[in-house]
Protein chains: 2
Amino acid sequence: MNKVIETILNHRSLRHFEDKPLTDEQIKTIVSCAQSASTSSFIQAYSIIGVKDKEKKKRLAEIAGNQGYVENNGHFFVFCADLYRHTMIGENEQKNVSPSIESTEKFMVALIDASLAAQNAAIAAESLGLGICYIGGIRNNLEEVQKLLKTPEQVIPLFGLAVGIPVKLTDKKPRLPLEHVYHEDEYEQNTEVYMSQLHKYDELISRYYEERTGGNRKDRWMQQMAGMLDKKSRMYMKEFVQKNKLDLQ
Amino acid sequence: MNKVIETILNHRSLRHFEDKPLTDEQIKTIVSCAQSASTSSFIQAYSIIGVKDKEKKKRLAEIAGNQGYVENNGHFFVFCADLYRHTMIGENEQKNVSPSIESTEKFMVALIDASLAAQNAAIAAESLGLGICYIGGIRNNLEEVQKLLKTPEQVIPLFGLAVGIPVKLTDKKPRLPLEHVYHEDEYEQNTEVYMSQLHKYDELISRYYEERTGGNRKDRWMQQMAGMLDKKSRMYMKEFVQKNKLDLQ
């Protein structure tokens, strides 16, 4: 196993960091790695905001549901889907780019671009011996995140990435069975096979919790997922995205 | 510079591969790496379809605009946003998960999840000495891709990833200036600074083409982008996604 694959397979989300900021050199390396990712037709439809200001970090932590590690880390990046740049380019080049930019297709392109860049950043950080944690919780209130980070229309902050020197290592949670996620030539057509894979995984996850809590917790994955999805959350998102003139047509 | 960062920074999209299939071991490693990526609240909202069938690959190449490397490579992966799994889980657990699953928020989660996984796969493949190319062109006709790969409702094929032994290396295209993509504490508020960074990049890209074509080509990036976005493309996407009961509310 080479170093790259070792780094990737060794990933776990960390939530406790030393109170020591990343160096400018580390930040630059991480951002350069992000920028090296593939981008759809060279569109580069994302931006990254590094948050150093203590007050802003504190407020972001509150928005994310009082997650302390949003405030306390070595650096906090916010990855944004960004088509504002391309609206400005349209003006500069006197072309009517609005219908394209407002399409669901381009919204998807910007989300994919930003995410590919972010994962490069995450792997680069981990290769430097740093820990990372993605923070979807900033989507609890994007109106406010937008004000805080002064992002223009057509920029959607997607998630944060907390990075820092790890204090406490966590366990790696087992993923879905490979054969359930990976299909060959066509999506699994046999519902019985499909569901039995999920039941098998339920047992695995249940054992995982049981072993780690001395039998106090035995949640199944399907139970967790159904419990989570049974509650509506962030249902304002469509309105927010469309108010920002994306995913409109 | 460590091996991981070297691999990431050395990325370029390759489009010529030897006619030699990946080994099962390589495929398994790449998929395991994909699965090791972070996933929002452990939701794992994606699937990967490996296409080996020659006829299917040929058809996918046509859909992607006659891109030969979609057909001729070591392996062709299709990454899909997948919330079908969670609909099945809702039925299994007798919970009403539909409003959640149909939300723009969860559509975004599935796109982000799939993209983080894909970038891990891309980096893993490159670390094995393989070349990669993302194929957004499959989105030219998702109705047909869906039929070909028999993906159920609430599964959106997002992009392909062609992987194989490289035959011809390509150049690395320079990215946007780091200071244009990376903002500190707030998005760049000075439009003059913002636009001057883009003009500076225009010159860089223009020189890049000029040097590589003996002066035959001098496109600017803004010109390329405006030209591309001036044409509407894949405007059926919203209807397709919503017909598949995603991004509805």
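When B:Glu62, B:Glu25, B:Glu18 are checked against the criterion of being more than 10 Å from every other protein chain (Cβ to nearest Cβ), touching a Pro at 6+ places or on another chain (Cβ under 9 Å), surrounded by fewer than 19 Cβ atoms within 10 Å (Cβ to Cβ) and modelled with pLDDT of 95 or more, a single residue qualifies: B:Glu18. The number of residues in the range B:232-247 being of a type in the set (A, V, I, L, M) and assigned to a helix (DSSP H, G or I) comes to 2. Take the range B:95-119 and flag every residue that is over 13 Å from the mean Cα position of the chain (by Cα) and small (Gly, Ala, Ser). Of everything in the range B:95-119, those that are over 13 Å from the mean Cα position of the chain (by Cα) and small (Gly, Ala, Ser) turn out to be B:Ser98, B:Ser100, B:Ser103, B:Ala110. Only residues that are part of a helix (DSSP H, G or I) and either modelled with pLDDT under 95 or acidic (Asp, Glu) (or both) were counted across the range A:42-59, and they come to 1. Pairs linking a residue in the range B:175-199 that is farther than 17 Å from A:Phe77 by Cβ to a residue that is open to solvent by less than 70 Å² (accessible area, probe 1.4 Å) and of a type in the set (Phe, Trp, Tyr), with Cβ atoms under 6 Å and 6 or more positions apart or on different chains, are B:Pro177/B:Tyr201.
Within the range B:203-215, is even one residue at the interface with chain A (Cβ under 10 Å from one of its Cβ atoms) and in contact with a His (Cβ under 8 Å, 6 or more places away or on another chain)? No: the range B:203-215 contains no residue that is at the interface with chain A (Cβ under 10 Å from one of its Cβ atoms) and in contact with a His (Cβ under 8 Å, 6 or more places away or on another chain). Out of the range B:69-96, which residues are open to solvent by less than 10 Å² (accessible area, probe 1.4 Å) and under 12 Å from A:Met225 (Cβ atoms)? The answer is B:Leu83, B:Arg85, B:His86, B:Ile89, B:Gly90. Filter the range A:210-231 down to residues that are surrounded by fewer than 18 Cβ atoms within 10 Å (Cβ to Cβ) and either modelled with pLDDT under 95 or in a helix (DSSP H, G or I) (or both), then give me how many there are. Summing the residues that are surrounded by fewer than 18 Cβ atoms within 10 Å (Cβ to Cβ) and either modelled with pLDDT under 95 or in a helix (DSSP H, G or I) (or both) in the range A:210-231 gives 14.
Looking at A:Lys106, A:Lys54, A:Lys3, which is the one that is open to solvent by 10 Å² or more (accessible area, probe 1.4 Å) and within 21 Å of B:Glu6 (Cα to Cα)?
Details: A:Lys106 fails: within 21 Å of B:Glu6 (Cα to Cα); A:Lys54 fails: within 21 Å of B:Glu6 (Cα to Cα).
Result of the check over A:Lys106, A:Lys54, A:Lys3: A:Lys3.
Contact annotation: no residue pair with Cβ atoms under 6 Å, 6 or more positions apart or on different chains, pairs a residue in the range A:211-223 that is without any contact (Cβ under 8 Å) to a residue 12 or more places away in the chain and closer than 19 Å to B:Ile89 by Cβ with a partner that is polar (S, T, N, Q) and in a loop (DSSP other than H, G, I, E, B). Out of everything in the range B:29-47 that is within 7 Å of another protein chain (Cβ to nearest Cβ) and more than 30 Å from A:Ala64 (Cα to Cα), what residue ends up being most open to solvent (accessible area, probe 1.4 Å)? Restricting to residues being within 7 Å of another protein chain (Cβ to nearest Cβ) and more than 30 Å from A:Ala64 (Cα to Cα), the top hit is B:Thr29. Against the numbered list (1) out of contact with any strand residue (DSSP E or B) (no Cβ under 6 Å at 6 or more places or on another chain); (2) touching a residue at least 24 places away in the same chain (Cβ under 8 Å), A:Glu55 comes up short only at (2). Please state which of the following conditions A:Gln154 fails to meet, knowing it meets all the rest: (1) within 8 Å of chain B (Cβ to nearest Cβ); (2) touching a Lys or Arg at 6+ places or on another chain (Cβ under 6 Å). The single condition A:Gln154 does not satisfy is (1). Going residue by residue through the range A:180-200, is there one that turns out to be of a type in the set (Phe, Trp, Tyr), closer than 26 Å to A:Ile132 by Cα, in a helix (DSSP H, G or I) and within 13 Å of another protein chain (Cβ to nearest Cβ)? There is no residue in the range A:180-200 that is of a type in the set (Phe, Trp, Tyr), closer than 26 Å to A:Ile132 by Cα, in a helix (DSSP H, G or I) and within 13 Å of another protein chain (Cβ to nearest Cβ). Scanning for something free of Cβ contacts under 8 Å to residues at least 60 places away in the same chain, touching a helix residue (DSSP H, G or I) at 6+ places or on another chain (Cβ under 7 Å) and not hydroxyl-bearing (Ser, Thr, Tyr), does the range B:106-128 turn up at least one residue? Taking every residue of the range B:106-128 in turn, at least one turns out to be free of Cβ contacts under 8 Å to residues at least 60 places away in the same chain, touching a helix residue (DSSP H, G or I) at 6+ places or on another chain (Cβ under 7 Å) and not hydroxyl-bearing (Ser, Thr, Tyr). Report yes if some residue within the range A:146-169 is closer than 30 Å to A:Thr87 by Cα, surrounded by fewer than 15 Cβ atoms within 10 Å (Cβ to Cβ) and touching a residue at least 12 places away in the same chain (Cβ under 8 Å); otherwise report no. Yes.
Among the candidates A:Ser233, A:Ser206, the residue that is over 30 Å from A:Met108 (Cα atoms) and either of a type in the set (Gly, Ala, Ser) or in contact (Cβ under 8 Å) with a residue 40 or more places away in the chain (or both) is uniquely A:Ser206.
The values are calculated or read from the model by the stated rules, or taken from the named source; none is laboratory data. Please read these numbers as outputs of a predicted model, since none were measured by experiment. Quick reminder, even Gly has a Cβ in these numbers, built from the backbone with ideal geometry, and neighbours come from all protein chains shown. These accessible areas exclude ligands, DNA and RNA; they are computed on the full protein's heavy atoms, side chains included. Shrake-Rupley method; radii C 1.70, N 1.55, O 1.52, S 1.80 Å.
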